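K.L.:
Shown below is the structure under consideration.
The values are calculated or read from the model by the stated rules, or taken from the named source; none is laboratory data. Bear in mind that the values here come from a model prediction, so they are computed numbers and not experimental data. Here the Cβ is made from the backbone with ideal geometry for all residues, glycine too, and neighbour counts use every protein chain on show.
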């Protein structure tokens, strides 16, 4: 038996090269018989700025979930404590004040970025993974954005528009949000902590007092094949945590969007105003619905 | 070279690798659909296929499988896959069977990210730079992940030796 782990793993490959040549040939003939210009079913377009909001919201919740569990077992590692969230029976209620530098690559140079402020309120069910997020203008209370994940569907609403399905989970056949690890903040937390993309990084000063600091690094993301969604560069951020309660205080993250040679920075700062775990009362469960 | 000639050459060179990639990660019916979809995308977007096409093709397969796996847990799918395949043979079949079963059982206990990292290198035979393209990260990041995944696989094997080993299906 060889001692090299990867060599041993290679030898354990369960797939053998027994492809059916006839079947392969039939597949080839079937494909080349198609007109190359036949368009794929067009996905419903999602405005570019929705992606960072979704990504940042998910990341924030992922890390928040992990950190919120710190008091549960001081001897356990961060990843172990995040695992405990899987069975958390509670609902999470999170309110943040979000300041974002939002790029819109479809606009002309000089007009591509806007700095926006919103109050984001999130209800998240640790059991079903249902999410209800709203972003509102802090001055007028006007709804800017709403995202609902429930009953196996993800829907979004832009300002005063109607709730509509997000394309990937409808006719295009992508895994539905409730079944998709990419949209599971607990799974994301586990992956980030295991990969050490999120890790404790000592202490720092925040509003005059010493707080815990976590560093968050995220790999770059490719844009969509159809060019609708821009690529996102690798990002680096930090999460500040109250040393007494272990609850989150602030999340900052910076990255940039890139598409067709155009690059615009994206920044977000989330100040946590409320972070609480609440009971599964009918009234609280109703908050998960639009 | 006509587009059809180029595509046939691409298909002949990489169908086996794409098929094996899909079969390692999904049940046969999903793998078959993913392979067909991958090469259909390649045919329609032949002009976008890079000179070194395999990472690009596997990236398409990866996303296609994600789309197709509605309702199927990835860990379960992997355990199912490894549970229903005979291990590769070596000079000592009995020992190899034991080792292959043990290492696949240990692999099944890792996170999806760790499994994918290890499988891309050990089973799909990709260099880290190419594997990084498939999963959409930098080569440096991938190497770090590979190092950590190896460490965790070794730990899982050690743990399995220290305690009665679960069956693969129990590992699900």
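K.L.:
Of the residues B:22, B:77, which is modelled with pLDDT of 85 or more and within 19 Å of residue B:117 (Cβ to Cβ)? Full working, then the answer.
P.N.:
On the way: B:77 fails: modelled with pLDDT of 85 or more.
On inspection, the qualifying residue turns out to be B:22.
Residue-wise test of (1) closer than 20 Å to residue A:92 by Cβ; (2) touching a helix residue (DSSP H, G or I) at 6+ places or on another chain (Cβ under 9 Å); (3) more than 14 Å from chain B (Cβ to nearest Cβ); (4) surrounded by 17 or more Cβ atoms within 10 Å (Cβ to Cβ).
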| residue | (1), (2), (3), (4) |
| --- | --- |
| A:222 | no, yes, no, no |
| A:230 | no, yes, no, yes |
| A:234 | no, yes, no, no |
| A:241 | yes, yes, yes, yes |
| A:265 | no, no, yes, no |
| A:273 | yes, no, yes, no |
| A:280 | yes, no, yes, no |
| A:284 | yes, no, yes, no |
| A:288 | yes, no, yes, yes |
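K.L.:
Okay, moving on. For residues that are surrounded by 17 or more Cβ atoms within 10 Å (Cβ to Cβ) and facing another protein chain (nearest Cβ under 8 Å), scanning just the stretch B:9-35, find the one that is farthest from the chain's Cα centre (by Cα).
P.N.:
Taking the candidates together, the pick is B:11.
K.L.:
Now a separate question. Taking the criterion of being at pLDDT below 70, buried (at least 21 other Cβ atoms within 10 Å of the Cβ), more than 30 Å from residue B:151 (Cα to Cα) and under 18 Å from the mean Cα position of the chain (by Cα), would at least one residue in the stretch A:180-195 satisfy it?
P.N.:
For the stretch A:180-195, residues at pLDDT below 70, buried (at least 21 other Cβ atoms within 10 Å of the Cβ), more than 30 Å from residue B:151 (Cα to Cα) and under 18 Å from the mean Cα position of the chain (by Cα): absent.
K.L.:
When you scan the stretch A:87-139 for strands (runs of 3 or more DSSP E) that lie fully inside it, which ones turn up with 2 or more residues that are at pLDDT 70 or above and surrounded by fewer than 18 Cβ atoms within 10 Å (Cβ to Cβ)?
P.N.:
On the way: elements: A:91-103, A:113-125, A:131-136.
Filter on the stretch A:87-139 gives A:91-103, A:113-125.
K.L.:
Right, another one. Exactly one of these conditions fails for residue B:98: (1) modelled with pLDDT of 65 or more; (2) within 13 Å of the chain's Cα centre (by Cα); (3) surrounded by fewer than 22 Cβ atoms within 10 Å (Cβ to Cβ). Give me its number.
P.N.:
(2) is the only condition that residue B:98 fails.
K.L.:
Among the numbered criteria (1) within 29 Å of residue B:63 (Cα to Cα); (2) more than 18 Å from the chain's Cα centre (by Cα), which single criterion is violated by residue A:287?
P.N.:
Going through the list (1) within 29 Å of residue B:63 (Cα to Cα); (2) more than 18 Å from the chain's Cα centre (by Cα), residue A:287 breaks only (1).
K.L.:
Sticking with this one: Of A:7, A:22, which residue is away from chain B (no Cβ under 11 Å) and at pLDDT 70 or above? Before the answer, list the steps.
P.N.:
Numbers: A:7 fails: away from chain B (no Cβ under 11 Å).
Residue meeting the stated conditions: A:22.
K.L.:
Next question, about the same structure. Name the strands (runs of 3 or more DSSP E) wholly within the stretch A:202-290 that hold at least 3 residues that are over 30 Å from residue A:157 (Cβ atoms)? Reasoning before the result, please.
P.N.:
Numbers: elements: A:209-218, A:235-241, A:248-259, A:262-278.
In the stretch A:202-290, A:209-218, A:235-241 are the strands (runs of 3 or more DSSP E) which contain 3 or more residues that are over 30 Å from residue A:157 (Cβ atoms).
K.L.:
Which one is modelled with the highest pLDDT among residues in the stretch B:101-118 that are within 8 Å of chain A (Cβ to nearest Cβ) and closer than 23 Å to residue B:64 by Cβ?
P.N.:
It comes out as B:118.
K.L.:
So residue B:71 ticks every box in (1) more than 16 Å from the chain's Cα centre (by Cα); (2) modelled with pLDDT of 85 or more but one. Which box is left unticked?
P.N.:
All conditions are met except number (2).
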